[in-house]
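**Q** Dropping a structure here in structure tokens format, bear with me for questions.
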Amino acid sequence: MTMEEIIEFVEALDGALAVGPGPGDGSPEISWGDTFFFYAPDGVMPQGTQPFATIVTKNQPGDESSHLDRPDTFRVNVAAGKEAFTTWTGHAPREPAAADDPGATDALIAHPVYGSAGWLAVVNPGPRTDARLRELLSTAHHLARSRYGRRRREM
């Protein structure tokens, strides 16, 4: 899967918004080239809301273990939620587990930094993770949509 294919897949989900920071938009330079996915049926990036998935294209401070500094390397991160996280990893987000290789490509793993919050990650998704990643992105979108609905009802 290419980054473009992932972006197209997510953008086709009802109410999904892909945000790609870049020069001149006020975003920090470290985020340029990355993509953040939100549930935003009005097409406006929500304030004070975490994305339901991201694509990162470079190492972040404190998050270098995926070795995203390799050529043509990116990582898809998905807020999978506890149930999906447990299904795919075999353990709850906060439970200790065998260490994954964060730099392995086309492997679904607990996010190297945010795994305890129920995030999953795939470096350079390919044939082994394509279907799973699409399912997880759909699940994360559904969860974000549900949170959006609850917030609207609370207002």
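**Q** If you scan region 93-138, which residues turn out to be touching a His at 6+ places or on another chain (Cβ under 6 Å), of a type in the set (Gly, Ala, Ser) and buried (at least 16 other Cβ atoms within 10 Å of the Cβ)?
**A** Those that are touching a His at 6+ places or on another chain (Cβ under 6 Å), of a type in the set (Gly, Ala, Ser) and buried (at least 16 other Cβ atoms within 10 Å of the Cβ): Gly103, Ala121.
**Q** Further question on the same structure: What number of residues within region 1-42 are among the β-branched types (Val, Ile, Thr), surrounded by fewer than 18 Cβ atoms within 10 Å (Cβ to Cβ) and part of a helix (DSSP H, G or I)?
**A** Qualifying residue count for the region: 2.
**Q** Please go through region 139-155 and pick out each residue that is touching a residue at least 12 places away in the same chain (Cβ under 8 Å) and open to solvent by less than 40 Å² (accessible area, probe 1.4 Å). Give the steps one after another, and end with the answer.
**A** At the first step, the residues of region 139-155 found to be touching a residue at least 12 places away in the same chain (Cβ under 8 Å) are 139-141, 143-145, 147-148.
Hits for region 139-155 are Ala140, His141, Ala144.
**Q** Also, I was wondering about something else. Residue by residue through region 59-84, note down the ones that are closer than 23 Å to Ala18 by Cα, loosely packed, with under 15 Cβ neighbours inside 10 Å and either within 16 Å of the chain's Cα centre (by Cα) or in contact (Cβ under 8 Å) with a residue 60 or more places away in the chain (or both).
**A** Selection gives Gln60 alone.
**Q** Follow-up. Return the pair list, or none, for Cβ contacts closer than 9 Å from residues in region 23-37 that are touching a residue at least 40 places away in the same chain (Cβ under 8 Å) and farther than 14 Å from Thr57 by Cα to residues that are of a type in the set (Gly, Ala, Ser) and open to solvent by less than 70 Å² (accessible area, probe 1.4 Å), at least 6 apart or on different chains.
**A** Taking only residues 6 or more apart or on different chains, the pairs are Phe37/Ala16; Phe37/Ala18; Phe37/Ala53; Phe37/Ala140; Phe37/Ala144.
The values are calculated or read from the model by the stated rules, or taken from the named source; none is laboratory data. These numbers were taken from a predicted model, which means no experiment stands behind them. When we count neighbours, we look across all protein chains shown, and the Cβ atoms used for this are built from the backbone with ideal geometry, even at glycine. Heavy atoms of the whole protein, side chains included, go into the accessibility calculation; ligands, DNA and RNA do not. Shrake-Rupley method; radii C 1.70, N 1.55, O 1.52, S 1.80 Å.
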